[in-house]
Amino acid sequence: MTLARRAAVLGSPIAHSLSPVLHRAAYAALGLDDWAYERFEVDEAGLPRFVGELDDSWAGLSLTMPLKRAIIPLLDGISDTAASVEAVNTVVFREDGRRVGDNTDIPGMLAALRERGVEKVESAAVLGAGATASSALAALARICDGPVTAYVRSEARAEEMRGWGERLGVEVRTAAWDDAAEAFASPLVVATTPAGTTNALAGTVPDAVGTLFDVLYDPWPTALAAAWSDRGGKVVGGLDLLVHQAVLQVEQMTGVPRAPLAAMRAAGEQALAAR
């Protein structure tokens, strides 16, 4: 049987990706029996050829590192949201043949925070300065009334974050990573660093804390998230972000008005528990 519609997540490495689990759960819940969602190991060098060989059966792509910027020259256009951080994690193939990029990480972050009751904060802190940190700044631009302090390891990273702040309309202050424990006085802390980076900070979490958004989902909980929960603080995790951004991807690729958030989250939790 020929599959009616196809989608996939691309990246390198990609074996760890939960995107197939989430998207397939959505298709099952929506009764889209003739849809398939796969994963492909694709690096920057191989991306043009992969995209160039896709046929009309393809509905869309999810992009992870290191492809979120590499995909942009291969597209017919990108959304304002994607342009704001120069990163595309979603490509939708339109009926007219156009291939359009978007960034669902930013609205996904906002939706994950809103789900935990966080809609406005007076200030915030960001741990790290990579691609996810710029997306975090873009999200904070919409909900943070005051400054955002970024804790980074080098002056080059500090300058980069200040530059993103100027571009996104956020007052970004920078501080040394050695002082990262000071971030925990902020009402909202967004941890965007790789696994293990914040483990040493877990013992410095104060008794009174606000909300922690830790973008990791495997392993979970991180040492920092566990310590935060022990202090009674709100914790938003990487799976929350992953599910909310995937919901938006499913809606864009399939055209359904509302993707099945609960079914997708349950599938993600089950897959992580089995690892």
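Overview of values
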item	result
Summed side-chain charge close to residue 215 - residues other than residue 215 whose Cβ falls under 12 Å, Lys, Arg +1, Asp, Glu -1	-4
Pairwise centroid distance, computed over Cα atoms, of region 88-123 with region 6-68, Å	17 Å
Extension gain from residue 41 to residue 231, taking 0.36 nm per residue of separation minus the Cα-Cα distance	64.4 nm
DSSP-defined antiparallel bridges as percent of all bridges, the chain, nearest 5	15 percent
3J(HN,Hα) from dihedral phi, region 128-139, Karplus parametrisation 6.51/-1.76/1.60, rounded to Hz, x for glycine, proline	x, 8, x, 4, 5, 5, 5, 5, 4, 4, 5, 5
Förster radius 45 Å - calculated FRET efficiency between residue 56 and residue 181, Cβ distance, rounded to 0.05	0.25
In order through region 102-114: 3J(HN,Hα) via Karplus (6.51 cos²θ - 1.76 cosθ + 1.60), integer Hz, x for Gly, Pro	9, 10, 8, 5, 5, x, x, 4, 5, 5, 5, 5, 4
Two-site label geometry, residue 273 and residue 115: point separation in nm, points 7 Å out along Cα→Cβ	1.6 nm
Length released on extending from residue 207 to residue 256, taking residue separation times 0.36 nm less the Cα-Cα span	13.2 nm
Listed values (1) 49, 47, 42; (2) 59, 37, 30; (3) 56, 39, 35, entry calculated as Cα extents along the principal axes in Å	(2)
For the chain: accessible area per residue (Å², 1.4 Å)	45 Å²
Spacing of the two label points (7 Å from each Cα toward its C-beta) at residue 30 and residue 143, in nm	2.5 nm
Neighbour net charge for residue 133 - beta-carbon separation under 11 angstrom, K R +1, D E -1	0
Between region 190-217 and region 134-149, the Cα center-to-center distance that results, in Å	18 Å
Sulfur and carbon atoms: percent of accessible area, the chain [1.4 Å]	49 percent
Ellipticity estimate at 222 nm from DSSP helix runs (n ≥ 4, -39,500 (n - 2.57)) divided over the chain, nearest 500	-11000 deg cm²/dmol
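The values are calculated or read from the model by the stated rules, or taken from the named source; none is laboratory data. The structure displayed is predicted, hence computed values, not measured ones. Glycine also receives a Cβ, built like all others from the backbone with ideal geometry; neighbour counts cover every protein chain displayed. These area figures cover heavy atoms from the full protein model, side chains too; ligands, DNA and RNA do not enter into them. Shrake-Rupley method; radii C 1.70, N 1.55, O 1.52, S 1.80 Å.
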